[in-house]
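Below: one structure, written as structure tokens.
The values are calculated or read from the model by the stated rules, or taken from the named source; none is laboratory data. Because the structure is predicted, anything quoted here is derived from the model rather than measured. Don't worry about glycine lacking a Cβ; one is built from the backbone with ideal geometry, like all the others, and counts go over all protein chains shown.
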Amino acid sequence: MAIGTVTGEWSRLAFTSRTITAMMYLVLVGSIVGYSCYVYALKYLPVSTVSLYAYVNPVIAVVLGTLLLSEPFSLRIVFASALVFAGIAIVRATPYVAPSGKTEKKAA
């Protein structure tokens, strides 16, 4: 915001019904619903499983961008996605050690 103020971008700020709708969507879905789902998942799943959302979300965003907005999809993206999924498989294959010290099967 400081750089935008210095460069005089406030004069180009305009709110339309499209921008207001996008902001409301981000506030309601991205913040409230997303956080509620995250807290719910933390309650019922191991932290190692829940933390994988940070790796899966970008892959989903790339796929949606390709399908909905015709963004480029290259072999590099395929390899990067495969690497992400390999990392997820490694995390999921590691046994879950409960706070009590007992090894338990992870929730699906």
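Return a yes/no flag: does segment 8-31 have any residue that is under 14 Å from the mean Cα position of the chain (by Cα), in a helix (DSSP H, G or I) and within 30 Å of A89 (Cβ to Cβ). Scanning segment 8-31 turns up at least one residue that is under 14 Å from the mean Cα position of the chain (by Cα), in a helix (DSSP H, G or I) and within 30 Å of A89 (Cβ to Cβ). Set side by side, the residues P99, P72 differ, and just one is out of contact with any Ser or Thr (no Cβ under 8 Å at 6 or more places or on another chain), more than 21 Å from Y53 (Cβ to Cβ) and either at pLDDT 90 or above or assigned to a loop (DSSP other than H, G, I, E, B) (or both), which is P99.
Residue-wise test of (1) in the same structural domain as M1 (by TED's automatic domain parsing); (2) at pLDDT 85 or above; (3) exposed (fewer than 10 other Cβ atoms within 10 Å of the Cβ).
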position	(1), (2), (3)
V56	no, yes, no
V62	no, yes, no
V78	no, yes, no
S81	no, yes, no
P95	no, no, yes
K106	no, no, no
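In segment 1-52, how many residues are surrounded by fewer than 11 Cβ atoms within 10 Å (Cβ to Cβ) and touching a residue at least 40 places away in the same chain (Cβ under 8 Å)? The total comes to 1. Residue check: Y40 meets all listed conditions (1) under 30 Å from P95 (Cα atoms); (2) assigned by TED's automatic domain parsing to the domain that holds R92; (3) aromatic (F, W, Y) but one, namely (2).
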